[in-house]
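Data block below; observations after.
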Amino acid sequence: ENQQVNGMYPKIVAGGRVQFSRGGAAIEEDTTMTVLRDLYPLLTDESNSIVKNRIPFRAHKRIVTEPVAMPLRNLESGYEVIIVIADAMRCHGAIVNGPRILHCDMSMGNIMFTRNRDKTGLKGLLIDFDYAINLDKASDNGHKERTGTGPFMSVNNLEKNDNPRSRLDDCESLDSDVRA
């Protein structure tokens with residue numbers, strides 16, 4: 001593990017798909033197919049690809065991570081905001097350069113922080129890797145759909161062109177958010 005970014009991204013403690021039971025019936029997973037039931041086949045073709053209304057398959061998942069972090073609104077000064085954002089950018093650089101993962105949803109809502117009980121040891125934390133892609137897989141790197149937080153998407157992402165996503169897209173998204 002890269003000690004430079006230790007504690008700057010969440011670690012999964014537990015998780016899985018949400019399951020439920022309707023009136024004592026068999027346990028089912030909470031997915032698009034379960035919720036739409038008989039309608040789902042009408043919206044897909046033989047390969048289970050959505051062809052009508054563009055309703056993607058989604059599964060309701062819950063993930064418990066650590067450490068428990070706080071949102072940026074709980075920071076006490078502009079100096080602390082700078083420290084936390086710098087930590088998040090350092091983490092972002094490490095995951096791009098190490099395992100070659102691009103976040104694809106850089107926004108202030110996806111940066112949190114931890115602080116020691118004695119109010120020292122402030123550390124930024126990058127969260128929400130739902131839209132992350134593997135830069136080494138060409139199939140992951142296209143612009144098949146726009147992802148991220150609307151007002152803070154990069155121009156490259158908004159245009160849905162054929163340019164591959166890059167670290168610059170994430171930096172542009174965060175820059176737009178910091179200015180807002």
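In terms of accessible area, using a 1.4 Å probe and ignoring ligands and nucleic acids, LEU122, LEU102 rank largest first as LEU122, LEU102.
Basic side chains Lys and Arg get +1 at the Cβ, acidic Asp and Glu get -1 at the Cβ, and with that the dipole of the range 59-100 about its Cα centre reaches some 320 debye. Accessible-area rank, largest first, for ASP175, ASP118, ASP38, ASP169: ASP38, ASP118, ASP175, ASP169, with all protein chains present and a 1.4 angstrom probe.
The values are calculated or read from the model by the stated rules, or taken from the named source; none is laboratory data. The shown structure was predicted, so the numbers you read here are calculated from the model rather than taken from an experiment. No Cβ is skipped: glycine too gets one built from the backbone with ideal geometry, and neighbour counts run over all protein chains shown. Accessible surface areas use protein heavy atoms only, side chains included; no ligands, DNA or RNA. Shrake-Rupley method; radii C 1.70, N 1.55, O 1.52, S 1.80 Å.
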